[in-house]
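*Asks:* What follows is a structure written as structure tokens; I'll ask about it next.
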Amino acid sequence: MEHYDHLYEESENANVRFLGLVSEGTRHDFGIVFTHKFYGKPLVICMQTGQSTLLGSEDAVNPGYLQKIFRLDSESEAETLAQFFQEYLPTIPFEENQY
């Protein structure tokens, strides 16, 4: 049997928001988990595919990243989601020595 090192175990009452939208005939349903972990970046989960990522509004300005991470068919679909996420995701201020 392999040995593992337990890194952490924490409980948190997180705020979860479920959002759905339709663009160009494509439906998107997302769960957004707002947490104090992960430098304040919310965990965004696509309910259709199960794909998930940590995503702040500064990440959402990159449609190419969204297209790749959520396996979107078109660039215009990614641009629509980028606009959507910029509205609903918090801006995370960069702090010195954060990483």
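*Asks:* If you take the residues in the range 10-24 that are open to solvent by 70 Å² or more (accessible area, probe 1.4 Å) and part of a strand (DSSP E or B), which one is farthest from THR80 (Cα to Cα)?
*Replies:* Once the filter is applied, the top-ranked residue is ASN15.
*Asks:* Report yes if ASP73 is more than 27 Å from GLU12 (Cα to Cα) and either basic (Lys, Arg) or modelled with pLDDT under 90 (or both), otherwise no.
*Replies:* Yes: the conditions hold for ASP73.
*Asks:* Identify all residues within the range 38-73 that are assigned to a loop (DSSP other than H, G, I, E, B), without any contact (Cβ under 8 Å) to a residue 12 or more places away in the chain and touching a helix residue (DSSP H, G or I) at 6+ places or on another chain (Cβ under 8 Å); write none if there are none.
*Replies:* Of everything in the range 38-73, just one residue is assigned to a loop (DSSP other than H, G, I, E, B), without any contact (Cβ under 8 Å) to a residue 12 or more places away in the chain and touching a helix residue (DSSP H, G or I) at 6+ places or on another chain (Cβ under 8 Å), namely LEU72.
*Asks:* Kindly indicate the residue of the range 25-39 that is open to solvent by less than 50 Å² (accessible area, probe 1.4 Å) and modelled with pLDDT of 90 or more and also farthest from GLN51 (Cα to Cα) among those meeting that condition.
*Replies:* Only one residue fits best here, namely VAL33.
*Asks:* Let me confirm something: among THR91, THR49, which residue is over 25 Å from GLU10 (Cα atoms) and either modelled with pLDDT of 90 or more or among the hydroxyl-bearing types (Ser, Thr, Tyr) (or both)?
*Replies:* None of the other options fit; the residue is THR49.
The values are calculated or read from the model by the stated rules, or taken from the named source; none is laboratory data. No experiment lies behind these values; they were computed from the predicted model shown. Positions of Cβ are backbone-derived with ideal geometry, glycine not excepted, and every protein chain shown enters the neighbour counts. Areas reflect the complete protein model, heavy atoms only, side chains present, ligands, DNA and RNA absent. Shrake-Rupley method; radii C 1.70, N 1.55, O 1.52, S 1.80 Å.
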